[in-house]
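In what follows, a structure is listed as structure tokens, so that the remarks can point back to it.
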Protein chains: 2
Amino acid sequence: MTQNVDTLFTNAIVLTMDGKLNQFDPGAIAVKGDSIIAVGPEAEIVKEYSANEIMDCGGKVLMPGLVNAHTHVPMTLLRGLEDDLRLDVWLMGYMLPVEREFVTPEFVRLGTLLACAEQIRSGVTTFNDMYFFEDDIAQATADAGMRAVCGQSVMKYPAPDAASFEVSIAYAREFIKKWKGHPLIVPAVAPHAPYSTTPEILRTCANLAKEFDVPLHIHISETAFEVETMRNEQGMPVVPYVKKQGLLEAKVIAAHCVHIDYGEMKTLKHVNAGIAHNPSSNLKLASGFAPVQKMLETGLNVGIGTDGPASNNDLDMFEEVRLASFVAKASSNDPTVVPAATALLMATRMGAQALHIGHLTGSLEAGKRADLIVVDTSPVHNSPRFRRNPNNAYAQLVFASKSTDVTDVMVNGKWLMRAHELLTLNEADLLDQAREIAQKIDIFLTAREQSVLSKLIALGGSMEQESFEVQVKVKVTEPDLLVQNMKRPEIEINASKHYLQYDEYYMFEDPSQGRLRFREDNLLNEKGDVENVRSRLTLLGQKREGEIGHDVLLSRSRFLAPAIHTSRFYREYFKPTQVISIEKDRLRWHIKYKETELFVNLDHMKQPDMGYFLEIKSRTWSRKDADLKAELVNELLNLLGVGNAETVTKDYIETLLS
Amino acid sequence: MTQNVDTLFTNAIVLTMDGKLNQFDPGAIAVKGDSIIAVGPEAEIVKEYSANEIMDCGGKVLMPGLVNAHTHVPMTLLRGLEDDLRLDVWLMGYMLPVEREFVTPEFVRLGTLLACAEQIRSGVTTFNDMYFFEDDIAQATADAGMRAVCGQSVMKYPAPDAASFEVSIAYAREFIKKWKGHPLIVPAVAPHAPYSTTPEILRTCANLAKEFDVPLHIHISETAFEVETMRNEQGMPVVPYVKKQGLLEAKVIAAHCVHIDYGEMKTLKHVNAGIAHNPSSNLKLASGFAPVQKMLETGLNVGIGTDGPASNNDLDMFEEVRLASFVAKASSNDPTVVPAATALLMATRMGAQALHIGHLTGSLEAGKRADLIVVDTSPVHNSPRFRRNPNNAYAQLVFASKSTDVTDVMVNGKWLMRAHELLTLNEADLLDQAREIAQKIDIFLTAREQSVLSKLIALGGSMEQESFEVQVKVKVTEPDLLVQNMKRPEIEINASKHYLQYDEYYMFEDPSQGRLRFREDNLLNEKGDVENVRSRLTLLGQKREGEIGHDVLLSRSRFLAPAIHTSRFYREYFKPTQVISIEKDRLRWHIKYKETELFVNLDHMKQPDMGYFLEIKSRTWSRKDADLKAELVNELLNLLGVGNAETVTKDYIETLLS
């Protein structure tokens, strides 16, 4: 008597990816309900089991579905939006502004369904996500029939789904309660990264994960800059820092780990943390080469992920598996490391273990859920086939198979794709909706990119400042004498400061865009040491608004923002056609003269060497006020002994350009 | 009146890849005969041209066919044969032995047709080949309708198609004469690499290429080892060396250039050499990261190649283009280098220029041959699509398109694929033939791998040596006294030598395989300095053949080969289950005693420290002779004052194992 099951897979090259890497050719598998009942040589299995549905695999490969160990699925909708940029420009200049504007529950649902369609097509059965509105992501994933660890993001910044960290934590708690125990979804909490959270956030997230015994998903040591900053600010690398916050008491899934040292690997191994290695993303963003071989030698479970499709730009795990092997070989200068079988293991059983769901999926073994895929290795790009040793089968899959060779996909005992046909998703409809969103994003960004001003606003934190100024500038030949004259009793000094100023002026093809000035102000103390550094970005109108008489000008600076990024960031973001740098030493007095507040600057133009200049400035609000102040300024010039000095009507930058 | 052409492509996103990177959306192209007549906005083109065949591209991308700048097409038949090995083990241990056995004109024809099928499917219209029997490769390529530069290999070693270099050169000359002027095939000469040729070969090949004005295809600086060896032996890196041989007077296509410096780049640029960058191969074989960004900055034409499918393991140029961008970014630590447009340019116009056929192909421009492909960028893995800036289109192709997205291919005005259907090749038939060859290769290698002996023979250069020996070994407590006794008048010394010997013994699971000994003999001069190093490989039977009396043994060593590779090579190639290393100091005398030649060794076993031993040996050829010599040996032991010493019946290695 044979035992009856639901589905019998026959006539397959079965790669179990189990502990012994058993292969059966021809092999067969029996599936009942959501689980695998038996795996073995075809002759044995068909003797023992019968089924209503017999799936003749036609000599194709039958193997566990791939595990995508790190991604942000809704970002399918931002795929190819902007590429070939540095991480900060890409993230702060494009991703975050667009996310602030567009990310809603509907957005993440659509993006998730698109990602599921792509991943099912390419043989992924399980993925590990981190994004916003994770409840909607989990629902969409369950609707598509895929397995996922869904991590609700928590950050110190306002997010599209939460105005504060407390709101996200509350959301995460409800989310975990709701989904805990679901047959497909494993809820998780995802403190975004050490640099985007606080010790309190990390501790709270770890406690939440422990309370519900769910995984904790976090980015760790993705860039060298992140590690350097942590060392400078905390005196330790990233893993000890998160350990100090109690984070490693949870079931951690650490994405990236590009820049961790041997001690950190041992620490992570000790707490059984899973690693998600993302070769495409690390290459494309030039994050570095993760020490995969060393992590494997340490005994860590290293899975493979695509990262979000906006930094990849797809969810193709066949590509990632190949790259995991390629990159490990090249970066360790040893072509024997991470051989095909190891790479495939990382994308299956070891990947599932890294996600702390190794008991559920990742290999074809009796008792595990039926998450499996059929791969055709007969196309011309994978022919001929050698069968001499067991590695030949893994090499075919890792070095020459394409994701489009996946023909059939089953998750949790349910068919999601048969003969390249998706069964749970309406692909055409999803593509239509995605097209609409992309058009809206294109319009939003196109409008923003039309002017330097709107690009500046998109970065956030800038303020408009309508500052009309009375201003005069004269050449100074005897600066010491002028400093003496500043002590005259008619001049009441409120404050005096000494700066070293580094300015970068960004010029644009269209002069009506104005000029952007990146200024780094180094405040010097009496000894001449730097006491404080402040950077500001100012968008300046392209010309003066008017002149009063011959010498006194009215000007307007339009927009002001604290420059929280480097000048390199702004150059790459604004893409000026020309950049001019100026270095000057500035003595600055805030004075009162005849009850009127004025600013006096004595500038020593050091780079380029242009000598000394005196500037007198005062804010104004009407033409009449401006006329009065212009008169006071002229008086002051005489008082300072430069009444007859040559007047300069141009900005330093204009002098340099002319 | 409209002008009549053969084919009109309409409703396409036309990426011309011309000098201005013009894009037309919707765009159109007119093709007449083998050439492109016009390219432009659809509205303009359809007003000017009419055609019998209108190809509505349905909004897909229409672009120049990809140029695979370096490959060995017949190696499709060796794809996946053996992977994850070091270059030397892979090449000397597997590729060369199989090539020696299987490569024939029929083999290269089949392998070429398979490669054409794969390349047409993946949007390649032109490739640059280097292999044996290139005449048959050229014919197969022309039959498939593809464009190719076909380089006939020339080496200093015997090749499958030539017993000597003179024969290859003669073959190459006839080959070039025959194909020069063909509409699809550009014949070329391909001196394999500086290390596998001689100055004379390089000079002769350069002269041949100049005589017929055809390209010269060569591997340059693929590995650091190659460059180091060249520096040691010639006192210069690789490019100056080939320049010295006059090679750069030809139209050079230099494959790899992983390890060239800035001076070498300038030299190559000066002579307008083309570069073929092979990212997958360089990663998989851990050859290193080619300085692509620096080569581009130098102004070199850098194309992209797959290398042979045995070291890749496919001919997928979409993968290579993506990797060219990824690897350049990661290795230069700058995500802005080799952006999508540049990577695609390298695989099209710049690739064609690198092959010195930029006037024929590589971009969609009036006057060039009609080599073009249609790519569907609407599948779910490439959706949605942003259109805000021109880079979006390149990013889609480079970062998310798959080779399977290519739907239609035309070369030289002739359709090779329509809607995924190959028109010039019978794919099923090719796959059947390939399967047969693979089975034969599997059988050949399986037989070879059955014994250590056959693997040793497969490497070449080994000789059988049936050496029966009379041998005795005793422990020595007073080595200085023994050295004194060697001066006794009864002993006639023919020669005496002093060696440091490093032995590695490889043991195998099946002891009947015998043991392999890798011995490095360091001959020392009187000062104790190393004068000469020689390495040998000896396959030893697993036990002694017999004993004479109690002390004197008969032994046989079976196979002997000069060890031209490193011990690391042999360990990886033979995969022993155990390796034991021994280091000893040996004083060796070749003596005559009573008209009989004998060898006397005084061994100081240094590592592991086992003390001193005396060995007396003599070759023998009959049992009777052996009995006589055994008696002489015993006499000699007494003469040397060790007649009563403890006899050792085991080899050093057996003592260590027991």
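The values are calculated or read from the model by the stated rules, or taken from the named source; none is laboratory data. Keep in mind it's a predicted model, so treat the numbers as computed, not measured. So basically every Cβ, Gly included, is an ideal-geometry build from the backbone, and we count neighbours across all protein chains shown. Side chains are part of the model used for accessible areas, which takes the heavy atoms of the whole protein and leaves out ligands, DNA and RNA. Shrake-Rupley method; radii C 1.70, N 1.55, O 1.52, S 1.80 Å.
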(request) Exactly one condition in (1) surrounded by 23 or more Cβ atoms within 10 Å (Cβ to Cβ); (2) of a type in the set (Val, Ile, Thr); (3) more than 14 Å from chain B (Cβ to nearest Cβ) is not met by A:THR267; state its number. (result) (1)
(message) Among the listed residues B:TYR94, B:TYR131, identify the single one that is buried (at least 24 other Cβ atoms within 10 Å of the Cβ) and under 28 Å from B:ALA162 (Cβ atoms).
(response) B:TYR131
(message) Between A:LEU425, A:LEU431, which is within 11 Å of another protein chain (Cβ to nearest Cβ), over 30 Å from A:GLY93 (Cα atoms) and not β-branched (Val, Ile, Thr)?
(response) A:LEU425
(message) Scan the stretch A:381-394 and tell me whether some residue there is away from chain B (no Cβ under 13 Å) and buried (at least 24 other Cβ atoms within 10 Å of the Cβ).
(response) no
(request) Please enumerate the residues belonging to the stretch A:395-408 that are of a type in the set (Gly, Ala, Ser) and either open to solvent by 20 Å² or more (accessible area, probe 1.4 Å) or part of a helix (DSSP H, G or I) (or both). (result) A:ALA395, A:ALA400, A:SER403
(message) Within the stretch A:30-52, does at least one residue satisfy the condition of being touching a Cys at 6+ places or on another chain (Cβ under 8 Å) and touching a residue at least 12 places away in the same chain (Cβ under 8 Å)?
(response) no
(message) One residue is enough: does the stretch B:19-26 have a residue meeting the conditions assigned by TED's automatic domain parsing to the domain that holds B:ALA159 and of a type in the set (Asp, Glu)?
(response) no
(message) Name the residue that is surrounded by the most Cβ atoms within 10 Å (Cβ to Cβ), counting only residues in the stretch A:271-295 that are farther than 16 Å from A:MET346 by Cβ and among the small types (Gly, Ala, Ser).
(response) A:SER287
(request) Among the residues of the stretch A:329-345, write down those that are at the interface with another protein chain (Cβ under 7 Å from one of its Cβ atoms) and among the β-branched types (Val, Ile, Thr). (result) A:THR336
(message) Condition first: over 28 Å from B:ARG435 (Cα atoms) and either under 44 Å from the mean Cα position of the chain (by Cα) or of a type in the set (S, T, N, Q) (or both). Now tell me which residues in the stretch A:40-65 satisfy that.
(response) A:SER50, A:ASN52
(message) Given the options A:ASP34, A:ASP6, A:ASP84, name the one that is within 14 Å of chain B (Cβ to nearest Cβ) and open to solvent by 20 Å² or more (accessible area, probe 1.4 Å).
(response) A:ASP84
(request) Can you give me the number of residues within the stretch B:589-623 that are open to solvent by less than 50 Å² (accessible area, probe 1.4 Å), farther than 20 Å from B:LEU524 by Cβ and in contact (Cβ under 8 Å) with a residue 24 or more places away in the chain? (result) 10
(request) Would you please name the residue that is surrounded by the most Cβ atoms within 10 Å (Cβ to Cβ), looking only at residues in the stretch B:9-31 that are polar (S, T, N, Q) and over 10 Å from B:LEU364 (Cβ atoms)? (result) B:THR10
(request) Report yes if A:LYS243 is basic (Lys, Arg) and within 12 Å of chain B (Cβ to nearest Cβ), otherwise no. (result) no
(message) Being in a helix (DSSP H, G or I) and in contact with a strand residue (DSSP E or B) (Cβ under 9 Å, 6 or more places away or on another chain): is that true of A:LEU323 here?
(response) yes
(message) Considering only residues that are of a type in the set (S, T, N, Q) and farther than 30 Å from B:ASP371 by Cβ, which ones fall in the stretch B:146-171?
(response) B:SER164, B:SER168
(message) at pLDDT below 95 and farther than 30 Å from B:VAL186 by Cβ: is that true of B:ASN382 in this structure?
(response) no
(message) Could you check the stretch B:112-122 and list, in sequence order, the residues that are under 26 Å from B:ALA286 (Cα atoms) and assigned to a helix (DSSP H, G or I)?
(response) B:ALA115, B:GLU118, B:GLN119
(message) Being at pLDDT 90 or above and in the same structural domain as A:LEU482 (by TED's automatic domain parsing) narrows it down to one residue among A:LYS575, A:LYS629, A:LYS592, A:LYS624; which is it?
(response) A:LYS592
(request) Determine if the stretch A:152-167 includes at least one residue that is crowded, with 23+ Cβ neighbours inside 10 Å, in a helix (DSSP H, G or I), touching a helix residue (DSSP H, G or I) at 6+ places or on another chain (Cβ under 9 Å) and not aliphatic (A, V, I, L, M). (result) no
(request) Filter the strands (runs of 3 or more DSSP E) completely within the stretch B:19-104 down to those with at least 1 residues that are over 30 Å from A:LYS329 (Cβ atoms). (result) B:23-32, B:35-41, B:49-56, B:61-64
(request) Given the conditions (1) assigned to a loop (DSSP other than H, G, I, E, B); (2) under 13 Å from B:ILE253 (Cβ atoms), report the number of the one that B:GLU222 does not fulfil. (result) (2)
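Quick grid of which residues meet (1) in contact with a helix residue (DSSP H, G or I) (Cβ under 9 Å, 6 or more places away or on another chain); (2) at pLDDT below 80; (3) surrounded by 14 or more Cβ atoms within 10 Å (Cβ to Cβ); (4) closer than 14 Å to A:VAL452 by Cβ:
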{"residue": "A:ARG534", "(1), (2), (3), (4)": "no, no, no, no"}
{"residue": "A:LEU539", "(1), (2), (3), (4)": "yes, no, yes, yes"}
{"residue": "A:GLY549", "(1), (2), (3), (4)": "yes, yes, no, no"}
{"residue": "A:LEU560", "(1), (2), (3), (4)": "no, yes, yes, yes"}
{"residue": "A:VAL579", "(1), (2), (3), (4)": "yes, no, yes, yes"}
(request) Of the numbered conditions (1) within 14 Å of chain B (Cβ to nearest Cβ); (2) assigned to a helix (DSSP H, G or I); (3) of a type outside the set (Ser, Thr, Tyr), A:LEU208 fails exactly one; give the number of that condition. (result) (1)
(message) Only one of A:SER451, A:SER403 is of a type in the set (Gly, Ala, Ser), within 13 Å of chain B (Cβ to nearest Cβ) and touching a residue at least 24 places away in the same chain (Cβ under 8 Å). Can you tell me which?
(response) A:SER403
(message) Any residue at all in the stretch B:296-304 that's surrounded by fewer than 23 Cβ atoms within 10 Å (Cβ to Cβ) and farther than 30 Å from B:VAL239 by Cα?
(response) no
(request) For residues that are under 21 Å from the mean Cα position of the chain (by Cα) and within 22 Å of B:ILE304 (Cβ to Cβ), scanning just the stretch B:120-133, find the one that is nearest to the other protein chains (Cβ to nearest Cβ). (result) B:PHE127
(message) Checking the structure you have, find out if any residue of the stretch A:241-253 is without any contact (Cβ under 8 Å) to a residue 12 or more places away in the chain and of a type in the set (Gly, Ala, Ser).
(response) no
